[in-house]
Amino acid sequence: MPRLAPSLLRQARAIDVLLPPLLPACRDLRSAENELRWLKDHAIKTGRQCGLAHSDASLKRLVARRARGEPIQYILGTEYFGDLELKCQPGVLIPRQETAASVTHLAQQLSKKRKGRPSDLHILDLCSGSGCIPLLFHHEFYAQPGNEHCKLHMVGADISVQALELARRNQKSQIAAQSKRVTAQTTSLAAMRFLHADVLLSEAANAIHAPIGVVEALQQLTNTRPTPAYEVLISNPPYISSQAFRTTTARSVRNFEPKLALVPDNPSSAPSALDGDVFYPRLLALADQLRTEIILFEVADIDQAQRVATLLARQSTWRTVEIWRDEPGATSDEADHVLLDGGESVPVRGAGNGRSVFAYRGAAAAWLQ
Amino acid sequence: MLRRFLIHQRAIAKPGLRHVRPFTTCGTLQEKPLPPRLKLVETELEESFLKGSGPGGQKINKTSSAVQLKHVPTGIVVKSQETRSRQQNRKLARLILAEKLDHMEKGNESRTSIKTERARVKKASASKKTRRKYKKLAEEDGKDDASQESADEVESELNDARSSPTAFETQNEPSKP
């Protein structure tokens, strides 16, 4: 990390004595000022709730925590994810802005054509963490005109009990924010479920002790023997390779966010640069079992996106495969196609870094194209 | 009767009903409605989200929610990073830009100028009233020590004025012997 210029520190001190300690974590004056303002507001708010007139001491404590590199979302307890303000807590990954952009874009894509679209959509989010993806998808989907009568059946699954507990709390606060009128929107939100399941556990494994595999968990939920179908499969799995975790991952992420949500457990002896890909073959196997027609998987960068797209191309059941960048709706001057190892050309949409892989097949092709 | 009067008052208080005849003889002052807010044309806007370069996603935790908005025909650029919510910042940026364009187009006739002008006039007339009041008080204070009755009046008025201590002090100081 480059050194901070002493002039910058002096400049910060002239504005507020609490600014210089924030600079190493925030890196620039603007964001340090913003964060100090948010911390101040938080200190005043929590102080008022406890009946304290002065919040200086608690503000100093908050600044000290941030100065140590703790993410501001853990300190403030919330993060904005699209339009939603979701709760955050240590031990569960903080939702990222780029994920929100992908999910919003997906909701828009699914709302472009309503002719031929089933009136009930089953959506599964694997590695749901704080529950941010299903909650935002629900919000964005019903924000589109013409979707009022479409029912969403949404399920999130995670291996972490802590994450599930947080996801359910987030769901509750979203339900509280809804209108009291009973609509497809409110019933879909109330019916959203978060299951304890291990994505990497295949059916062959002994499923006596929790967590069980995803398919078993879904069967238990619906109480049906043939596996229920989920048309849409979304996942933001752990995708950082153990090498990238050591080198390109930010220190505050490494030190404060759960490694379980970032780096996949590597049972095989894949090279450490590629062991971030462990989840994707398993997700695709689940997509086949659950008769999924639309997938959206988040990835680390354009290289991983190409590797995942290659996996999809090899399956040859997918009608269309696309790579989405950080802002899939935006236009950019960057290349709009990449070539895979097999020679196939895959469109790349939007602006920014390669962020997710989107694909569809079967009946969904009729109403997505 | 009283209820009818109250209902009437409420109807007058509504800004939309301008043609309601007041029940009382002292006419209520109807404020002219402000000119409407300028509507921005989304196609004329270029929006960008400011954030650092480098990897994104799980690898780093960006807190930047700043939004920059450019109005292409005029080239005006505004930025908002007030809140942690990008959506809220987008709305704020649009609000600021609309105000700027409105001011550019109409100058003193723009919505914000009219608003600030009205606030200024209101404040000026309020301070004028207090000034007049204390001037009168000071005059009465000076001329009569004999009449107990009016002194009592002054006393009660002074008590009223204590709710705004600063105005009271600054206005009354010079007249003290």
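Here the contact order of segment A:27-130, divided by its residue count and restricted to Cα pairs under 8 Å and six or more residues apart, works out to 17 percent.
For chain A, give the share of DSSP beta bridges that are antiparallel, in percent and rounded to the nearest 5; count only bridges with both residues there. In chain A, DSSP labels about 45 percent of beta bridges as antiparallel. Taking Cα atoms only, the orientation of helix A:29-49 departs from the longest principal axis of chain A by about 90 degrees.
Partners of A:K87 within straight-line reach, counting lysines whose Cα lies under 28 Å from its Cα and excluding those fewer than 8 residues away in the same chain: A:K40, A:K45, A:K60, A:K151, A:K172, A:K180, A:K259, B:K51, B:K59, B:K62, B:K79, B:K91. Note on B:K106: aspartates and glutamates with a C-alpha under 19 Å away, same-chain residues under 8 apart excluded, are B:E117. Reported to the nearest whole Å, the Cα centre-to-centre distance from segment A:325-369 to segment A:87-106 is 21.
Electrostatic tally near B:L34: other residues with Cβ closer than 9 Å to its Cβ, Lys and Arg +1, Asp and Glu -1, net +4.
Model label sites at A:T187 and A:R10, defined 7 Å from Cα along the beta-carbon direction, differ in position by 6.8 nm.
3J(HN,Hα) along segment A:79-86, derived from phi through the Karplus expression 6.51 cos²θ - 1.76 cosθ + 1.60 where θ = phi - 60°, amounts to 9, 7, 10, x, 7, 8, 9, 10 Hz, with x in place of Gly and Pro.
Compute the signed sum of charges (Lys and Arg +1, Asp and Glu -1) over the other residues within less than 10 Å, Cβ to Cβ, of A:H153. Net charge in that neighbourhood comes out at 0. Close amide H pairs (under 5 Å, H built 1.01 Å from N) link A:S128 with A:A157, A:D158, residues at least 5 positions away or on another chain. Here's the list of aspartates and glutamates a cross-link from A:K115 could span, going by alpha-carbon distance under 18 Å and ignoring same-chain residues fewer than 8 apart: A:E148, A:E231, A:E293. Sorting the segments B:66-73, B:130-137, A:62-69 by their mean number of nearby beta carbons within 10 angstrom, highest to lowest, gives A:62-69, B:66-73, B:130-137. Whole-Hz Karplus values for segment A:9-16 come out as 5, 5, 4, 5, 4, 5, 7, 7 Hz, taken residue by residue from phi with 6.51 cos²θ - 1.76 cosθ + 1.60 and θ = phi - 60°; glycine and proline positions read x. Report summary: the helix-based calculation at 222 nm, which adds -39500 (n - 2.57) for every DSSP H run with n ≥ 4 and divides by the residues of chain A, gives -13000 deg cm²/dmol. How far is helix A:56-67 tilted, in degrees, relative to the longest principal axis of the Cα atoms in chain A, given as a value from 0 to 90 rounded to the nearest 10? Helix A:56-67 and the main axis of chain A meet at about 50 degrees.
Using θ = phi - 60° in the Karplus curve 6.51 cos²θ - 1.76 cosθ + 1.60, the 3J(HN,Hα) couplings for segment B:80-89 round to 9, 9, 5, 10, 7, 8, 5, 4, 5, 5 Hz; x is entered for Gly and Pro.
Across segment A:94-368, the mean sequence separation of Cα contacts (distance under 8 Å, 6 or more residues apart), normalised by length, yields a relative contact order of 18 percent.
Counting only alpha carbon atoms, the long axis of helix A:279-289 and the longest principal axis of chain A meet at about 40°. Backbone amide hydrogens, once placed in the peptide plane, bring A:F194 within less than 5 Å of A:G156, excluding anything fewer than 5 places away on its chain. Can you give the FRET efficiency for A:S316 and B:Q68, using 1/(1 + (r/R0)^6), R0 = 51 Å, r = Cβ-Cβ distance, to the nearest 0.05? With R0 = 51 Å, the Cβ-Cβ based efficiency is 0.70. The simple Förster model, with R0 at 45 Å and r as the Cβ-Cβ distance, assigns B:E139 and A:M1 a FRET efficiency of 0.05.
Spatially, segment A:6-47 and segment A:251-323 are offset by 38 Å when compared through their Cα centroids.
For the segment B:79-91, counting C-beta atoms of other chains within 10 Å of every residue's C-beta and taking the mean gives 4. Each label point was placed 7 Å from the Cα along the Cα-to-Cβ direction; for A:A143 and B:R118 their separation is 3.2 nm. Subtracting the Cα-Cα distance of A:K172 and A:T224 from 0.36 nm times their residue separation leaves 16.0 nm of extension gain.
Let me check I've understood the local charge: for B:E117, count other residues with C-beta under 15 angstrom from its C-beta, Lys and Arg +1, Asp and Glu -1. What total comes out? My count for the surroundings of B:E117 gives +4.
Annotation: amide H-H contacts under 5 Å for A:R355 (H modelled 1.01 Å from N, sequence separation of 5 or more, or interchain): A:W324, A:R325, A:D326. The A:A351 and A:D56 beta-carbon pair, evaluated with R₀ = 25 Å, returns a calculated FRET efficiency of approximately 0.05.
Quick note: the coordinates plus some simple rules give every number you see, no bench work behind them. On a predicted model such as this, the values are computed, not experimentally measured, just so you know. Please note: Cβ atoms are built from the backbone with ideal geometry, for glycine as well, and neighbour counts cover all protein chains shown.
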